[in-house]
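Quick note: the coordinates plus some simple rules give every number you see, no bench work behind them. Worth saying up front: this structure is predicted, and the values here are computed from it rather than measured. We place every Cβ from the backbone using ideal geometry, glycine too, and count neighbours over all the protein chains shown.
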Amino acid sequence: MMNPSDELAGHTFEELSDYLDRDRTPADPSIDGFPECEIALRGMQRLRRTQRALLRKDVERESEREDSWVNSILQHINLEARAGRDIPISHPSPTARLSVTEGAVRGILRAAGDGVPNIIVGRCRLDGEVSEPGAPVTVRVDATVLEGKNIPPLAEQLREALYTALSQHTELAVEAVDITIRDLYQPAPPPAKAKAKASSDESRPCT
């Protein structure tokens, strides 16, 4: 279970959730000004959208499953919002020292995954010496796919999106992007149809 005392930049997950409930109004610079809070907020928004899209066939069974799944996602958000290791970025000036945090890169991977329909990115991990320029790195991603969709092409589409995002925002020597499909989620139920109106013959008095 998530520890409610876990904090990001001095804020608990409960406080961040309340901030989302208020539609981030009034603006709180102590939250908006910290990348780890922003990553956590985006992850929580993603989780809320996914929860609304889930269809429960068996209420009790699905509720138990959802509680476990939601807790797992929150744990990943908590992990990924943490800064982690510094990943260097080259600069023409010999005195400049630029870097991006590992947590920020995980946020980039999740954002890239959001652009691929019918698949939800879960855990993201960078294996390798990311702090050493040129060292080989393997990116490992867990994902959930919409039930009924063809998994291999979706996984390949996600892999290409992740490669593109990494090449645009980092200088990591990515050796491989390994994607593991951990689960399936169900489509949202169709909107309820309005009841058909009684025919005019039935509603009119007989003459």
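General observations
- For region 147-160, Karplus couplings with θ = phi - 60° (6.51, -1.76, 1.60), whole Hz, Gly/Pro x: 4, x, 8, 6, 5, x, x, 5, 4, 5, 4, 5, 4, 5
- In order through region 107-121: 3J(HN,Hα) via Karplus (6.51 cos²θ - 1.76 cosθ + 1.60), integer Hz, x for Gly, Pro: x, 4, 5, 5, 4, 5, x, 5, x, 9, x, 6, 8, 10, 7
- 5 angstrom amide H check on Val130, placed H, neighbours 5+ away: none
- Each peptide among 84-95, 154-165, 125-136, 105-116 gets the average number of other Cβ atoms lying within 10 Å of its residues, and from highest to lowest they stand as 105-116, 154-165, 125-136, 84-95.
- Residues whose amide H falls under 5 Å from that of Arg123, counting only those 5 or more places apart or on a different chain, are Asp142, with hydrogens built in the peptide plane.
- Amide H contacts under 5 Å for Arg24, placed H, 5+ residues apart: none
- The relative contact order of region 86-127, computed from alpha carbon pairs under 8 Å that lie at least 6 residues apart in sequence, is 27 percent.
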